Structures are given as structure tokens and as C-alpha cells.
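Data first, discussion second: the structure below is written as C-alpha cells.
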Amino acid sequence: MTGHDGATGSGLELREVAVTFGATTAVDDVSLCIEPAEVVALLGPSGCGKSTLLRAVAGLEPTDRGTVRWAGADLRDVPVHRRGFGLLFQDGQLFPHRDVAGNVEFGLRMAGVNRAGRQARVGELLELVGLSGRGGRRVASLSGGEQQRVALARSLAPRPRLLLLDEPLSALDRGLRERLATDLREILRRTSTTALYVTHDHDEAFTIADRVGVMDHGRLLQIAPAELLWRRPADEQVAQFLGYDWFVPASALGAARPRGAGPDDVLGLRPESLVVDADGPIIGLVVDRHRTRGGTGLLVHIDGVGTVGARAPGTAVPGPAARVRLRLEAAVTAVLPPA
Amino acid sequence: MDRHRRRVGVALAGLVPLGFLGVFFAWPVASILARGLLVDGALDLGGFAEVFDSDRTWRIIGQTLAQSVAGTTLAVLLGVPGAYVLYRCRFPGRAVVRALVTVPFVLPTVVVGVAFRSLLVDGGALAFLDADGTFAAIVAALVFFNYAVVVRTVGAMWAHLDPRAEQAARALGASPARAFREVTLPALTPAIASAASLVFLFCATAFGTVLVLGGPAYGTVETEIWIQTTQFLDLRTAAVLSTVQLAVVTLSLTVSAWSRRRRETALRVQSDAETARPLRRADLPAVLVTAAVVLALLMAPLASLLAGSLRTPDGWGLHNFANLATNGQRSTAEPGLGVGLEVSVWQAALNSLRIAVDATLIAMVVGVLVCVLVTRRPHQPGARRALSVFDAVFMLPLGVSAVTVGFGFLITLDRPPLDLRSSVVLVPIAQAVVAVPLVIRTLLPVLRSIDERLREAAAVLGAGPARVFTAVDLPVLGRSLGLAVGFAFAVSLGEFGATSFLARPDRPTLPVVIFRLIGRPGADNLGMALAASVVLAAMTTLVIGLAERFRVHSAGAEV
């Protein structure tokens, strides 16, 4: 392995990492640190470079610039199989010719763990992912969710220094995805695993990660603790990606603006940010309405603000041209610095 | 350090097959070109002018093209109905008929020639046609040999063709014939084109069959190269003709590769559902054509071969097989010329087996290394480009005729720096050159079907490049390796084109001995040739039969 040039940091440290494919820059000068036992999610639309960045950390994609360090040691000359990282693919990529136990113990065999040690660890891992006693099953006979659990067990078995997860739940249907996301968070916590998690699903990212980064066009736009990112996106681009559709100057709402927002700040609104309320301080004119899950969605015009979305509980809602009173839900409203 | 070591490993894995191909393929072919084009180191097209000035050359080129066009056309016309009956219809015994249809393709060319001759010579069942040594006889033998190519290629596509397109056309008012012409046929065209270009290639490079069946007046570019080399000792003419043959082969290979790509694209939009249905009255014409082909064209020569081998001067018996232990019948009329064979037929069979073991070993080592290499995905764009060139280079020998390989060996490997003239490795190497593309074609699709991320998963879990190969590639390859070994072994056993140039008189292979026996007078010699052909046919069929058991149908890896 390479020499340690001043083991300054702990955990993962990316400094201005760039990956290019010919003329395209897939990852553009990304810097990022992950502390031991921390889970960081990278959120972004498909093609934003998040998976490429993950592969670069794994050593599967060579970097053009910048450094990838683990515990201060440069990983440039460390090949994939010597990095001691785990990688979980979207579709598991289980070895089809090995049974469940054979898959889970693979990394342990590579590490030279003896049979008894392997058996014990496989049992432990299968219990952890809720598949106790299924070691002898053929992987082809498992459901999609079970296959992902096996893949998780396989990547955790050799106790990786860092676990890389590449959209591990996106191939599953919604209900299963939500359940597995919760399980995954629990498992990562319990095993104190350091992890980098790539996804395009907001809920998944916020469920699983301590900190969330937003990527677009190869750049890391912002990285912050989940709650902070949600409430204080750095700019409109990040806010838009997080689902804030309308941007209004905080001053336009006068006294109704949320606490903590200065008059020069910009508010990011989602359809749920404004709610119809007989005692609400804001007055709007209904432009359009449509049914939504558990209520009615409105498009309202507010003087000095413009046309924005709003929600009304129930379905007995005034039609177009009616005046409604609205209140602002501060919890689902973002505050952005002045543009 | 590690990165460096890995590069050295990759380079070594690449150098072995590249070196092999360079020395045993590129060099001989280049020497042929040089001999045809250069005189005393300067470009001189005089040889070409001379050769193309002769009527004999044009007759031979004409005959080659005529036999290829006729053979291809007939094989397609007869093969398409066969594909329909054997892949789109369901009836008892279908598997048996499918297997029967495949038998001729795996038979050595010399055996095919001998079988047809046994049918046409005096005493044969079709002697009254007086077709021995005629163009018709040769075309029939070529169709016999290539029918399976059309049936299997077209059938494989037809079996997966969604019947609903044709049903939609019928519902829109098209008659069955119209629906076939306007919907089904266009969908099958890529497969038909792919099969036709392959059959054309096989017909144009047919050697053993033509040499055995054609009379003195008949010749193709392939046989002419052999005759010019071994009988007239005119190496320059042979070199010019080899150059012509190289051009023909390159052209048909290009067409074949192009149509194969189209077929692969077309196959992606296929359904996996079982589309075969029971036979109906409307299928009668196709069934009759197929039955006629299978019985008259495919079975008759084989039956005639078997019957002939069992016929003795006084009835039926194993006399001819007993003679295989001897060196053949000596001619009493011409004691000087008519000496028997240098070795017994059994000895030649033993030579064939020994050579096939060596040739298979060489072909497997080279073939596996090439496959492993071209399925790696290096990060550097330069390395990726180099790999795609590498990939194409190894497909080249597939089409280059065995005769060209044999002739090339003869004029290059007979003097320093590499004098292998009397070496026992010469024949196995030549046969390996012929077999390597087949090995690659068998293994490459299987390796290509492995998701690259599966290898990455193993690497991330701590497997180095070698471990990745043994843990991921090898288990998936598994049975296909058996199939490739079988193919290589069978090709080597039946190889005649290259071997006929290179086999030492005292170490002939079985096909060479059969050819020698057929050229000698005497009823006993013909009987022995028939018996030896039966033995050779049985050996190759057995090997292919065993190998086919390794064919993988699961895991998405259709070979």
C-alpha cells in the first residue's frame, strides 16, 4: 500500500475530485468529508454525477483531478479490492451461482477468514437483515427485497471501513422501499457504519442520512444536516430540486413571514406551504383547483406575491374567482438568502 | 506498485494470443501476399496479369462463384421451410429431426464428399444419374452441408417472433401468403441474410468436398491453390489465387458481420413466449419439402456411406473395417506407384486423436485469453480502443480458408527463423488457428452476458483481478468451456484443408488417409475409404454430441 502522508484526518476526505469522460465532466471539483459512523446522502437527478462520484470513491472509476483520502491516506494507488470499502448496487448483483450464504461469505473468504469465523458472521448478518436461516436458499428464488437484503449483508460482512450505496432501493416498489429505508437506517446506526448513500429520492435521503448533499451537473451545490438543508437551501436551484416551486420575497408577506426570515430573504414555497384557514392573515384569489391525496390543491393569486400553490383540507372549497384566507406553514417553507 | 504489476499481467495475457496470431496467421498471410505481389522486393503485378490472363483462372473463379451462388440459393430456399417446420411447429419426434438435420454440418468435409460419391459412383443407388464429378453433385453436397446453418439461424429467430404481428395483418384482411410476405418475411430477413452470407462463405471456401467430388475438369479457387502448390509447384500462382480468396473472404465476412449485428438488434425486440403450435393442413407444403430434404438429401448419402462400408465382394460384412488395420491394397498392375499407405488407418486415427488433443489445448489457451481480455473494460480510452481492434483481429481467421493457412505455413515456417517443417507441432498449430475463432465465438457471448457490476461487486469485496476471474467469470463460463473444447476437438479431427498441406507422409491424419484411399484404384481401397469415413463421422458426431450436453440455455447465455 501507499505511505501515509500525514494522517491528518479520519474518515473519508474528498478534495476537488473531478472525473471526466472524454469531453464530458461527470464530477466537477467535488470536496466532501465524511466522519466515522456518519451517513451522508447525495441527492440529485439522474445523470448529475452522483453515481460516478461513488464509483470514483470505490476505485472503479479513475479520477482526473483531486484526491480521495481515507484516514488521511491517499487512495490513488490503492486498487478496488484493497480499499476495504463495501458497495451496494441498485440491483444487488448477487453471484447467481452461489447460494445466500455463499454470497454473504464471499468478502470474508477474500479476507482469509476461516470457515467457523465465516459461518458465525454469516449467521449474524442474516439475522441483522431479517433473513435468519435462509443461508441455503438459491438467490434466484428470492424476491427483489430479499435480494437487496442479502446484498446488504454481503457488503457489511467484511466490516467495510466505508459502505457505498448506489440507489439501493430504487428498483423496489414504494411500500417495500419505505420499509427497507427505515430498516437500513436502523442497521447502519446499530453497526456504526460510515456510509455514502446515493439516491434521487428525497424521502429516502432524509430518512437515512445525517447530512444530505445536493448535486447537479457534476457539482456539489450544498451539503448540510438534513433539517438545515430542508429549511435553509443555499439557493433557488437547490430549493427547486428539493421541491420548492415558487419563490417570493419575504417582505411581500409582511407580518405573515416566518420567524427567522429577514425582510431581504427569499421564501421558497411548496404546494403545502400555504393552507386555507378562516383566520389566516393572507388573502388570495382562487385561480384554479384540483383534487389531491387527502384534500384539494389550489392555485391562488396573492397581491404583491403572484400566483402560487396552496392546499385546502377537505373538498368543500370555493371555486375560481372566490377569495380565501391563507396561513403560512413555516415548517414546510424554506428561507433562502437574498438572491 | 500494485497497479504496475497488474499492467504487466494484462500485457502478458495479451501478448500470448497476439504473438500466436502474429506468427501463425499474420506472418503466413503476409508472406502469401508478398509472394504474389513482390518480385525481388519490388511491387510487380506481373504475376496477377499472368494468372488473370489465363482462361483456366477465369473458369475456376467462375466455377467458385457459380457453386457458391447456387449452393447458397438452394440452401436458403430449402432451409426456410425447414426452419418453419422445425422451429415454429410442434410434432412428435421434432427433437430427433432437429438433431438429424445438424449431423451433416458437423461431419468432416472429406466424409461428406465420400458419402456423396458412394451414392453416385458405379454400384451406388443413384449411379443412373451419371452425376459423379458434376457441378450438380457438388452443389448438392454443399447444400447437404449448409442446410443446418440456414435452419438453425432462421429457426432460432422465427421461434421467438411474436405471432401477433402476423395475426394483426390477417385481421386487417391479408391472406396467409400475403401476411407471410409482408410481415413475417421482412422480420426474418436479418436472420436469412446472416445465414446466407455465412453459407456463401462456407461454399466459396469448400475444399475437401470439392476435391473429393469434383472431377479433373472441376476446380475452385481453393482446390486450385492446392493443385498449383502440390502438383505444379507453382507457388506464385498459388499466392495470387490466395490473395483473390482473401479478398472474397473479407468481403463475405464483412457482409456477415453487418447482417449479424442487424440480427442481434432485431433479436432484442423478441418475445420469449413459446410460439410453436401443432401442425395444420396449411403446413403441408413446408412439411413435404422438409421431409424430402431430410430423407433424400440428408439421409440418403449417409445411408449409402454406411451401406457401402458394409458391402464386401461377397455380400455384407465387416471386411472393410477389418482392413482398417492394414496399409491398404497394393496395386498389382503398377507395383512402383501402387504401394499401400505408409501407415494403417487405425494408426492414422490415433494420429488424428493425438493431434486433436494438442490443437484443442492450444486453441483453448489462446481463445480463453482473448475472450477474457476483450471483455475487460479498461478505464483509459486508448486501451479501450486497442481492445476493440484486438477483438476484430481475432475474428479474421474465421473466414480465412484453411487452405490459405496451410499454404501460408508451407511457405513461411519451412526455414529459419522458424523451421517447423518436420516438427510435430506444425499440424496442431495450423488446426488451432482454424479452431480459435470458433472457441471465441462460443465463449465470448457468455462472458459478454455477465454484468460488469458483478465483477465490480467481487472486486469491492476484496477479490483481485485473478480472483474476480475465478469467482465470477469461470463459474458462468463453466459448461460453455466444455462446449468450446468439443467444437475445437471436432474441428481438429475433421480438418483437411490445412492438414493436407502440412501432414508428413508418415504421420497422416484420418481425413488425409481417406483422401489418399479414394484416389487409389481397387475395390478394397474404396471400401476402406468408406469404412474409415464411417469411423471419422462416428468420432466427430460423438464428440459434438458430448459437447452439446454442455450447451447452456439458462442464465440468458444462449450460445
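The values are calculated or read from the model by the stated rules, or taken from the named source; none is laboratory data. Every value quoted in this text rests on a predicted model; they were computed, and no experiment measured them. Please note: Cβ atoms are built from the backbone with ideal geometry, for glycine as well, and neighbour counts cover all protein chains shown.
Worth pointing out:
- Members of the range B:468-478 found to be away from every other protein chain (no Cβ under 11 Å) and β-branched (Val, Ile, Thr), listed by number: B:Thr470
- Qualifying residue in the range A:115-128 (condition: touching a residue at least 24 places away in the same chain (Cβ under 8 Å) and farther than 24 Å from A:Glu186 by Cβ): no
- The residues of the range A:220-254 that are of a type in the set (D, E, K, R), surrounded by fewer than 17 Cβ atoms within 10 Å (Cβ to Cβ) and touching a strand residue (DSSP E or B) at 6+ places or on another chain (Cβ under 8 Å), listed by number, are A:Asp235, A:Glu236, A:Asp245.
- Pick from the range B:1-60, criterion outside any helix (DSSP H, G or I) and not charged (D, E, K, R), ranking: modelled with the highest pLDDT: B:Ser54
- Top-ranked residue of the range A:76-102 - restricted to ones that are of a type in the set (A, V, I, L, M) and touching a residue at least 40 places away in the same chain (Cβ under 8 Å), ranked as farthest from the other protein chains (Cβ to nearest Cβ): A:Val100
- If you filter the range A:185-229 down to residues that are of a type in the set (Gly, Ala, Ser) and in a helix (DSSP H, G or I), you find that the one that is farthest from the chain's Cα centre (by Cα) is A:Ala226.
- Lone qualifier among B:Pro437, B:Pro445, B:Pro465, B:Pro416 - being surrounded by fewer than 23 Cβ atoms within 10 Å (Cβ to Cβ), modelled with pLDDT under 85 and at the interface with chain A (Cβ under 10 Å from one of its Cβ atoms): B:Pro465
- Residue pairs whose Cβ atoms lie under 9 Å apart, sitting 6 or more positions apart in sequence or on different chains, and linking a residue in the range B:512-535 that is modelled with pLDDT of 90 or more and hydroxyl-bearing (Ser, Thr, Tyr) to a partner that is crowded, with 20+ Cβ neighbours inside 10 Å and outside any helix (DSSP H, G or I), are B:Ser533/B:Leu107; B:Ser533/B:Pro108.
- Candidates in the range A:44-75 are the residues that are modelled with pLDDT of 90 or more and within 9 Å of another protein chain (Cβ to nearest Cβ); of these, the one that is farthest from A:Arg161 (Cα to Cα) is A:Arg55.
- From the list B:Ala282, B:Ala266, B:Ala273, B:Ala286, the one residue that fits, being under 29 Å from B:Val97 (Cα atoms), in a loop (DSSP other than H, G, I, E, B) and either small (Gly, Ala, Ser) or at pLDDT 85 or above (or both), is B:Ala273.
- Those helices (runs of 4 or more DSSP H) lying entirely in the range B:91-206 with at least 2 residues without any contact (Cβ under 8 Å) to a residue 40 or more places away in the chain: B:94-106, B:163-171, B:176-179, B:185-204
- Annotation for the range B:485-503: no member residue is within 11 Å of chain A (Cβ to nearest Cβ), modelled with pLDDT of 90 or more, in contact with a Pro (Cβ under 9 Å, 6 or more places away or on another chain) and assigned to a loop (DSSP other than H, G, I, E, B).
- Residue selected from the range A:255-274 under the condition crowded, with 19+ Cβ neighbours inside 10 Å and of a type in the set (A, V, I, L, M), by the criterion farthest from A:Val300 (Cα to Cα): A:Ala261
- The strands (runs of 3 or more DSSP E) located wholly in the range A:246-339 that include 2 or more residues which are within 21 Å of A:Trp230 (Cβ to Cβ) and of a type in the set (Gly, Ala, Ser) occupy A:306-312.
Residue by residue, here is whether (1) modelled with pLDDT under 90; (2) of a type outside the set (Ser, Thr, Tyr); (3) farther than 26 Å from B:Ile518 by Cβ holds:
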{"residue": "B:Gly133", "(1), (2), (3)": "yes, yes, no"}
{"residue": "B:Pro186", "(1), (2), (3)": "yes, yes, yes"}
{"residue": "B:Ile192", "(1), (2), (3)": "no, yes, yes"}
{"residue": "B:Leu213", "(1), (2), (3)": "yes, yes, no"}
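- Within the set B:Ala531, B:Ala490, the sole residue that is farther than 23 Å from B:Trp226 by Cβ and surrounded by 21 or more Cβ atoms within 10 Å (Cβ to Cβ) turns out to be B:Ala531.
- Helices (runs of 4 or more DSSP H) fully within the range A:100-179 counting 2 or more residues that are at pLDDT below 90, of a type outside the set (Phe, Trp, Tyr) and within 19 Å of A:Gly84 (Cβ to Cβ): A:106-110
- Test: residue in the range A:174-183 that is closer than 27 Å to A:Leu14 by Cα and within 12 Å of another protein chain (Cβ to nearest Cβ): no
- Filter pass, A:Gly304 being touching a helix residue (DSSP H, G or I) at 6+ places or on another chain (Cβ under 7 Å), surrounded by fewer than 17 Cβ atoms within 10 Å (Cβ to Cβ) and at positive phi: yes
- Selection count, the range A:103-132, where residues are more than 10 Å from chain B (Cβ to nearest Cβ), at negative phi and among the small types (Gly, Ala, Ser): 5
- For the range A:278-293, the criterion of being in contact with an Asp or Glu (Cβ under 6 Å, 6 or more places away or on another chain), surrounded by 20 or more Cβ atoms within 10 Å (Cβ to Cβ) and in contact (Cβ under 8 Å) with a residue 24 or more places away in the chain is satisfied by no residue at all.
- Checking each residue of the range A:157-164 against the condition of being more than 14 Å from chain B (Cβ to nearest Cβ) and on the phi < 0 side of the Ramachandran plot gives no match.
- Filter pass, B:Ala458 being closer than 19 Å to A:Val104 by Cα, assigned to a helix (DSSP H, G or I) and either at pLDDT 90 or above or more than 10 Å from chain A (Cβ to nearest Cβ) (or both): yes
- Which listed residue, of A:Gly145, A:Gly175, is free of Cβ contacts under 8 Å to residues at least 12 places away in the same chain and out of contact with any strand residue (DSSP E or B) (no Cβ under 9 Å at 6 or more places or on another chain): A:Gly175
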